[in-house]
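Worksheet: the structure to be examined is printed underneath.
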Amino acid sequence: MSANSRLTIAAHALAWIGLYQRQGHEVATSEQIAASANTNPVMIRRLLGELRRAGLVESRRGVGAGWSLARELASTTLLDVYEAVEPGPLFAMHRTTPDQGCVVGHGIQPAMRNVYEGIEKTLRHELSLVTLENVLQDVLATPHQPPQRSPGMVTP
């Protein structure tokens with residue numbers, strides 16, 4: 001099972017757009033954001049589409065096309081982003097009903113549902129405490145190290 005990176009990439013995109021706009025640019029392209037996240041622009045466009053539906057970004061078509069923030073980073077929490085890109089519960093139950101004649105099959109879903117509800121409540125609370133402004137400030141405070149080059153590696 002692999003971890004889901006949609007929240008991280010969406011936060012990356014929003015922080016990148018916010019910083020880019022602070023540098024005097026009106027809109028950012030999905031290609032620019034994808035280069036920073038080292039991912040495919042199509043994936044970025046899909047995520048940005050979800051963020052647009054949630055009212056977190058706006059898009060412009062035609063000449064000067066691109067993406068801009070619909071809200072300030074300081075008024076957008078990670079919970080806002082999470083709810084935009086992670087619909088549904090954090091954890092899922094069985095795809096089919098377990099054997100109700102089995103003591104474990106009968107009791108597993110109620111037992112796990114109680115655990116999952118507590119985890120989800122805690123997750124939502126913690127995400128609500130962090131704004132994208134907080135994230136960007138932490139990003140900017142992180143010391144930047146140039147990539148390590150292997151001995152004998154030729155650089156352009």
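The values are calculated or read from the model by the stated rules, or taken from the named source; none is laboratory data. On a predicted model such as this, the values are computed, not experimentally measured, just so you know. Calculation scope for accessible area: heavy atoms of the full protein, side chains included, ligands and nucleic acids excluded. Shrake-Rupley method; radii C 1.70, N 1.55, O 1.52, S 1.80 Å.
Some observations on this one:
- Rolling a 1.4 angstrom probe over the chain with all protein chains present gives an accessible area of which 56% lies on carbon and sulfur atoms.
- Solvent exposure of the chain as accessible area per residue, Å², 1.4 Å probe: 67
- With q set to 0.15 Å⁻¹, the log10 of I(q)/I(0) for region 1-153, from the Debye formula over equal scatterers at the Cα positions, is -0.86.
- Across region 15-102 the C-alpha pair distances fall into 10 Å bins from zero in the proportions 15, 42, 23, 9, 7, 3, 0 percent.
- Note on region 69-131: the alpha carbon radius of gyration divided by the globular reference 2.2 N^0.38 Å gives 1.56.
- Computed lengthening from Lys121 to Val103, 0.36 nm per intervening residue step minus Cα-Cα distance: 3.7 nm
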